[in-house]
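Notes follow once the structure below has been shown.
The values are calculated or read from the model by the stated rules, or taken from the named source; none is laboratory data. As the structure is a computational prediction, the values presented were derived from the model and not from experiment. Neighbour counts run over all protein chains shown; Cβ positions are idealised from the backbone, glycine included.
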């Protein structure tokens, strides 16, 4: 029997796994007729999910936490049993602004801490308080940008202006001079570089080497009421993710995503994130970043509760939520490793034995305890070498120097 | 009650504005979601903001609602979350609305209902226009295919059309598809007009 399922997405390269699941038969093999609903704002994606127009959504991980904690319009309990990708963001700034930074881009990107300090110095030289576009207050991008700026003593709420705008309007806003740079998911950073409006200043993968990005979010009640459909979908996605990671399929995937009903951007721009070959300044040779965006390998889809708690710690740090044990527990519970385990119990997917881990503690590829098969975790360090212990959030937070 | 309509499409905003006027609302403003539109909106201090659900600028608006100190804090559209029929109709019609906290539900509901009706009416007009446009271009394609047949096979206009129609029926296709195929083939063979 075939079950119809509607999933909302935004036109971004990291919707790849959903697109592959629909277009290359993985959903169909599990008896799911997948309908992907293209959406142009996170607010509308959230509304479609919360009010049941779709059963699931390609959602910013921090937004899923924020909606559940009641920090956003339309509060609702959401559940994320699957991560659609890690990494994939890029901070680009107007070429004039970037003149004050390290000119050799490969060196600039390899040293995020040094670049953050150069950025702090560049703020004073710029003709106004730099206006940086972020896609949402509760986006991995905004959280990562805040973390990175603060490392050099920049207060993201005082020293720069963070302006919210959807990814699809970033290039236009650069062109109009409304923003001086932006951090967004691909292919939008590449599109601004290609238009010679901006150059790359930092890439997400060098800030947090395995940064949590989009999740597949459900309404918690729907997830609980439809276990079989959820399990079938997760099995389909795991196979689609492996397909997406395989370089042999990259050309096919790139052209699928380029279609007007998906990302609707040129294939050669989409290919940059998928192949990990970034053009950081117009006309220059590309920079190789093989872990720019991950879909399936290293158990990427596994929703570590510690990652939901890391997001929570950052919301607390920036005063977006009051810190109390009940809130922390609710935030952690948005990620649902239990559902992931149930859905993939009979598969050959390597399954982590734990549901939480230290975040940022793996400096080199590490074989870890797994219920089945070989599981190697990739390096997940933060550029400032901090380690997040989900059992010690207070200690972690008190380690940051106050900015004002 | 001050109502602000944020809309890219001038036509849809006018259709909605007209409807609200007829219903007796007279403090209505239209703001396109470009440039510094949130600052303008903040100065207007609206009671109700109506916006196309498909507008990519909704995130920008919601951020303003979160951080603005100038505005008496508006809350999200669905004043009464238990009114699921209303919410469903609004989402289907593509309407989102933000309503100032404290405004009574009975006062807001007619505005939302009207917005839903007008958005639906606008969508209908648009799809009719789209159909009319495509009918027009279909006719051009068929005309061109007819003239190719008339020239190359010395047929009358009537016979050329009959031939296209028979071919379409035999292949289970639309006439315009057969006509398009004929034009393409003729172009490829260098015999186009």
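A count restricted to the stretch A:290-310 and to residues that are surrounded by fewer than 22 Cβ atoms within 10 Å (Cβ to Cβ) and under 23 Å from residue A:107 (Cα atoms) stands at 2. Of all the residues that make up the stretch A:155-183, how many are under 14 Å from residue A:131 (Cβ atoms), more than 12 Å from every other protein chain (Cβ to nearest Cβ) and in contact with a helix residue (DSSP H, G or I) (Cβ under 8 Å, 6 or more places away or on another chain)? Of the residues in the stretch A:155-183, 8 are under 14 Å from residue A:131 (Cβ atoms), more than 12 Å from every other protein chain (Cβ to nearest Cβ) and in contact with a helix residue (DSSP H, G or I) (Cβ under 8 Å, 6 or more places away or on another chain). When we screen A:80, A:33, A:76, A:66 for residues that are within 14 Å of chain B (Cβ to nearest Cβ) and in contact with a strand residue (DSSP E or B) (Cβ under 7 Å, 6 or more places away or on another chain), the only hit is A:76. Exactly one residue out of A:13, A:2 is at pLDDT 95 or above and either closer than 21 Å to residue A:231 by Cβ or more than 14 Å from every other protein chain (Cβ to nearest Cβ) (or both): that is A:13.
Going by the structure shown, is residue B:49 within 14 Å of another protein chain (Cβ to nearest Cβ), under 17 Å from residue B:100 (Cα atoms) and outside any helix (DSSP H, G or I)? It is true that residue B:49 is within 14 Å of another protein chain (Cβ to nearest Cβ), under 17 Å from residue B:100 (Cα atoms) and outside any helix (DSSP H, G or I). It is to be established whether one or more residues within the stretch A:177-200 are modelled with pLDDT under 95, part of a loop (DSSP other than H, G, I, E, B) and on the phi > 0 side of the Ramachandran plot. Checked the stretch A:177-200: at least one residue is modelled with pLDDT under 95, part of a loop (DSSP other than H, G, I, E, B) and on the phi > 0 side of the Ramachandran plot.
For residue A:28, the criteria (1) within 23 Å of the chain's Cα centre (by Cα); (2) more than 10 Å from every other protein chain (Cβ to nearest Cβ); (3) part of a helix (DSSP H, G or I) hold in every case but one, which is (1).
Out of all the residues in the stretch A:295-305, is one or more in contact with a helix residue (DSSP H, G or I) (Cβ under 8 Å, 6 or more places away or on another chain) and either part of a helix (DSSP H, G or I) or over 20 Å from residue A:205 (Cα atoms) (or both)? Within the stretch A:295-305, one or more residues are in contact with a helix residue (DSSP H, G or I) (Cβ under 8 Å, 6 or more places away or on another chain) and either part of a helix (DSSP H, G or I) or over 20 Å from residue A:205 (Cα atoms) (or both). Any idea how many residues of the stretch A:38-53 are more than 7 Å from chain B (Cβ to nearest Cβ), buried (at least 24 other Cβ atoms within 10 Å of the Cβ) and in a loop (DSSP other than H, G, I, E, B)? Here the count works out to 1.
Selection of the stretch B:156-173 for residues being modelled with pLDDT of 90 or more and outside any helix (DSSP H, G or I) yields only B:156.
Taken over the stretch B:18-46, the criterion of being within 23 Å of residue B:104 (Cβ to Cβ), outside any loop (DSSP other than H, G, I, E, B) and in contact with a strand residue (DSSP E or B) (Cβ under 8 Å, 6 or more places away or on another chain) is satisfied by B:20, B:21, B:28, B:29, B:41, B:44.
Criterion first (at pLDDT 80 or above and surrounded by fewer than 20 Cβ atoms within 10 Å (Cβ to Cβ)) does residue B:117 satisfy it? So residue B:117 fits the description; yes. Please indicate, with yes or no, whether at least one residue in the stretch A:133-146 is under 18 Å from residue A:117 (Cβ atoms), crowded, with 21+ Cβ neighbours inside 10 Å, more than 13 Å from chain B (Cβ to nearest Cβ) and out of contact with any strand residue (DSSP E or B) (no Cβ under 6 Å at 6 or more places or on another chain). Yes, because at least one residue in the stretch A:133-146 is under 18 Å from residue A:117 (Cβ atoms), crowded, with 21+ Cβ neighbours inside 10 Å, more than 13 Å from chain B (Cβ to nearest Cβ) and out of contact with any strand residue (DSSP E or B) (no Cβ under 6 Å at 6 or more places or on another chain). For the stretch B:149-159, check the following and say yes or no: at least one residue is touching a residue at least 60 places away in the same chain (Cβ under 8 Å) and surrounded by 14 or more Cβ atoms within 10 Å (Cβ to Cβ). No, the conditions are met nowhere in the stretch B:149-159.
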